[in-house]
Amino acid sequence: MTKTLVMKFGGASLAEPSQFNSICDLILKKAERYPKIVIVVSAMGKTTDELIALAKQVNDNPPQREYDMLISVGERISMSLLAMALAKRGCHAISFTGSQSGIITTQDHAEAKIIEVRPTRILQSLESSKIVIIAGFQGVSRGGEITTLGRGGTDTTAVALGVALQAEKIEFYKDVPGIFSEDPKINKNAQLYSTITYDCALEITGKGAKILHHRSLLLAKSNQIPLHVLSFKAEYQQFGGTIISCASAATSRPEKPIYET
């Protein structure tokens, strides 16, 4: 089976237009090894916070449907700009919203759960040798309404797509070298893990670490798909990041994808 890689870039890595070129460097380097690449993006910098503040200026208690319509815009900006940046480098890329990607969710606006993924258009584009860029954090209900997944939802999007596409792994690009035993800003002697189990990662995030959202970790654990936390910053790339996987190499993935509901 042809290897598929899912790469997730958060808001810090896409905060400024000037950063898109270095993100393209990372993607094109991975494309030398992986013939099929799917990119999942968050909104740029503090865009989501700015959109929420904008909504509050108009209505202190906005209708949840319209709230989701508004705040899902941020990821669409990121995906289209990244596709443009890759096109400038001569790379065939195409961007899709959550609904275009086939991410089907519950109807719970602002806190939707992923029911299933129908990646028809993604697969067609990958077969056409295109790099696919997906807006994270969002999907569509069975009733056809745009939904968002709540804070940290882009991490969950990336894992769900990795599961649906039977990806080799999902890479998460952060502004840190990987996952530490403690906050390295507080304890300079904190250990940087090269490998860690899902349960250990859940324990660390349960203590307040914001490396990955717990929903994405639970989804990865259920489907036994490896996660790789590494840095988009050049000065940290020598460390190799942290691989999150099961404790036993003999554990296999379930026959059918397991989603959130």
Query raised in the report: So which residues in segment 197-217 are surrounded by fewer than 16 Cβ atoms within 10 Å (Cβ to Cβ), of a type in the set (D, E, K, R) and under 19 Å from the mean Cα position of the chain (by Cα), if there are any at all?
Result: Lys210
Report task. Any chance you could count how many residues in segment 50-79 are over 15 Å from Gly11 (Cβ atoms), assigned to a helix (DSSP H, G or I) and either free of Cβ contacts under 8 Å to residues at least 40 places away in the same chain or in contact with a helix residue (DSSP H, G or I) (Cβ under 8 Å, 6 or more places away or on another chain) (or both)? Result -> 9
Query raised in the report: Of these, Ile243, Ile170, Ile225, which one is of a type in the set (Val, Ile, Thr), under 20 Å from the mean Cα position of the chain (by Cα), farther than 19 Å from Ile114 by Cα and surrounded by 17 or more Cβ atoms within 10 Å (Cβ to Cβ)?
Result: Ile243
Report task. Determine whether Val58 is over 29 Å from Tyr236 (Cα atoms) and not hydroxyl-bearing (Ser, Thr, Tyr). Result -> yes
Query raised in the report: Restricting to segment 1-27, what's the tally of residues that are touching a helix residue (DSSP H, G or I) at 6+ places or on another chain (Cβ under 8 Å) and assigned to a helix (DSSP H, G or I)?
Result: 7
Requested in this report: Show the residue pairs that are 6+ apart or on different chains and have beta-carbon atoms under 8 Å apart, the first residue being within segment 106-135 and more than 25 Å from Ala83 (Cα to Cα), the second being among the basic types (Lys, Arg) and surrounded by 16 or more Cβ atoms within 10 Å (Cβ to Cβ).
Outcome: Thr106/Lys113
Report task. Name every residue in segment 3-34 that is in contact with a strand residue (DSSP E or B) (Cβ under 8 Å, 6 or more places away or on another chain), of a type in the set (Gly, Ala, Ser) and under 13 Å from Asp175 (Cα atoms), in order of residue number. Result -> Gly10, Ala12, Ser13
**Report entry** Conditions (1) loosely packed, with under 14 Cβ neighbours inside 10 Å; (2) closer than 24 Å to Met44 by Cβ: number failed by Val176
**Finding:** (1)
Report task. Mind listing just one residue for me: the one in segment 80-124 that is in a loop (DSSP other than H, G, I, E, B) and among the small types (Gly, Ala, Ser) and, of those, farthest from Lys46 (Cα to Cα)? Result -> Gly90
Query raised in the report: Pro257 passes all but one of (1) in contact (Cβ under 8 Å) with a residue 60 or more places away in the chain; (2) assigned to a loop (DSSP other than H, G, I, E, B); (3) farther than 29 Å from Ile115 by Cβ; which number fails?
Result: (3)
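Where in segment 146-241 are the helices (runs of 4 or more DSSP H), entirely inside, with at least 2 residues that are free of Cβ contacts under 8 Å to residues at least 12 places away in the same chain?
Qualifying helices (runs of 4 or more DSSP H): 198-206.
Every read-out reported here was derived from the displayed coordinates using simple, explicitly stated rules and does not represent laboratory data. Everything quoted here is computed from the prediction, not taken from an experiment. Quick reminder, even Gly has a Cβ in these numbers, built from the backbone with ideal geometry, and neighbours come from all protein chains shown.
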